[in-house]
1. By average Cβ neighbour count within 10 Å, what is the ranking of 46-52, 114-120 from highest down?
2. Of ASP90, ASP111, which has the most accessible area and how do the rest follow, probe 1.4 Å?
3. Let a ≥ b ≥ c be the square roots of the eigenvalues of the Cα gyration tensor of the range 26-86; is it rounded (a/c under 1.5), or, if not, prolate (a/b larger than b/c) or oblate?
4. Quote the accessible area belonging to ARG45 in square angstrom, nearest 10, computed with a 1.4 Å probe and with ligands, DNA and RNA left uncounted.
5. By a straight-distance test (C-alpha under 17 Å), which aspartates and glutamates pair with LYS87 as possible cross-link partners, with residues fewer than eight away in the same chain excluded?
6. So, for the range 23-123, what is the accessible surface per residue at a probe of 1.4 Å, expressed in square angstrom?
7. Taking each pair of distinct Cα atoms in the chain once, what is the resulting Kirkwood hydrodynamic radius in Å?
8. With a 1.4 Å probe and every protein chain kept in, tell me what percent of the accessible surface of the chain is carbon plus sulfur.
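The values are calculated or read from the model by the stated rules, or taken from the named source; none is laboratory data. Note that the structure is predicted; figures quoted are calculated from it, not measured. Note: ideal-geometry Cβ built from the backbone for every residue, glycine included; neighbour counts use all protein chains shown. Only protein heavy atoms, including side chains, enter the accessible area calculation; ligands, DNA and RNA are left aside. Shrake-Rupley method; radii C 1.70, N 1.55, O 1.52, S 1.80 Å.
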Amino acid sequence: QVQLVESGGGLVQAGGSLRLSCAASGRTFSAYAMGWFRQVPGKERALVAAITRSGSSRYYADSVKGRFTISRDNTKNTVYLQMNSLKPEDTANYYCAAKGGVIGTMSQLYDNWGQGTQVTVSS
C-alpha cells in the first residue's frame, strides 16, 4: 500500500493556472503508475492524466490535452498536475491515485487513493 496526500487546489479565475501535488509515502513510489482523476457531484470519477512508473509515457483525456501536464519526481515521491488555461468545466474534486504495474485509464484499476483536493474555476 502507498499513502497519498494531495495539495494545491483552490479557487482560480478562468484562464488561470494551478499546480496540484500528490505526495506518496509507504511502499516504493517508483513501483506505481500514477493517475489524476476528477469528479463532480452526480458523475463518475474520470481520468484526467496518467503517467508510467518511470515517467517516460503519459496519457491525457482529450478535454485537457494541451492544457494540463502530468509529471513525477521519483526522488521526492511526488506526482504533479500542472493545469493551465483553466475553464469553469474543470471545476471538480481532483484525486491522485496509484496502481502497481503498467499505466491504466480506468478508476477500478487503481487501489490507492488520496483524499482529494477541490479545484474551482470561476468564469
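1. On the way: 46-52: 20.7, 114-120: 17.0.
Highest to lowest by the protection proxy: 46-52, 114-120.
2. On the way: ASP90 0, ASP111 100 Å².
The ordering from most to least exposed comes out as ASP111, ASP90.
3. Details: a/c = 2.19, a/b = 1.53, b/c = 1.43.
The shape class here is prolate.
4. Accessible area of ARG45: about 70 Å².
5. Correct list for LYS87: ASP62.
6. Computed with neighbouring chains in place, this is 49 Å² per residue.
7. On the way: mean 1/r = 0.0709 Å⁻¹.
When all Cα pairs of the chain are included, the Kirkwood radius is 14.1 Å.
8. Details: 2940 of 6140 Å².
The value for the chain is 48 percent carbon and sulfur by accessible area.
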